[in-house]
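Have a look at the structure below before the remarks.
The values are calculated or read from the model by the stated rules, or taken from the named source; none is laboratory data. Please read all numbers here as calculations on a predicted model, not as lab measurements. Note that we place each Cβ from the backbone using ideal geometry, even for glycine, and neighbour counts take in every protein chain shown.
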Amino acid sequence: MKKLYNKLIRDRIPEIIAKDRHESKVRVLDDDEYVHYLSKKLQEEVDEFQESRSLEELADILEVVLALAAVEGKTPEDLEVLRLQKREKRGGFEKRVFLEWVVERDGSK
């Protein structure tokens, strides 16, 4: 029975499918398709994490994030520098601060 997937998969999945004596059809995505399907994969992994709350799903999210950064010519180290800069400027999430509302005043930014 043929099951359609039409999604981005990890590099070794075709090898695993063949080892299980199954047949598959794969192709290599062009640059635009790759970014599109990485974005879809990110949402898929986030959804799976929200259902399971598993560390494994967080690792999957990180793998997709690193692939998206690589598309932009950035390394994991580049991401870490940006993360730390943003943390320095805006903080992290350790204090569990939850914003309920803001009253905007005229003339303020």
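Going by the conditions given, is Leu68 in contact with a Ser or Thr (Cβ under 9 Å, 6 or more places away or on another chain), surrounded by 10 or more Cβ atoms within 10 Å (Cβ to Cβ) and not hydroxyl-bearing (Ser, Thr, Tyr)? Judged against the criteria, Leu68 is a match.
In segment 38-69, what residues are out of contact with any Leu (no Cβ under 8 Å at 6 or more places or on another chain) and either modelled with pLDDT under 95 or within 15 Å of Arg10 (Cα to Cα) (or both)? Give the steps one after another, and end with the answer.
Looking only at segment 38-69, we keep the residues that are out of contact with any Leu (no Cβ under 8 Å at 6 or more places or on another chain), and these are 43-48, 50-60, 62-63.
If the condition is that a residue be out of contact with any Leu (no Cβ under 8 Å at 6 or more places or on another chain) and either modelled with pLDDT under 95 or within 15 Å of Arg10 (Cα to Cα) (or both), then Glu44, Glu45, Glu56, Glu57, Ala59, Asp60, Leu62, Glu63 are the ones that fit.
Residues in segment 74-109 that are surrounded by 10 or more Cβ atoms within 10 Å (Cβ to Cβ) and among the hydrophobic types (A, V, I, L, M, F, W, C): Leu79, Val81, Leu82, Leu84. With a requirement of 3 or more residues that are touching a residue at least 12 places away in the same chain (Cβ under 8 Å) and either under 19 Å from the mean Cα position of the chain (by Cα) or at negative phi (or both), the helices (runs of 4 or more DSSP H) lying completely within the chain that satisfy it span 31-52, 55-71.
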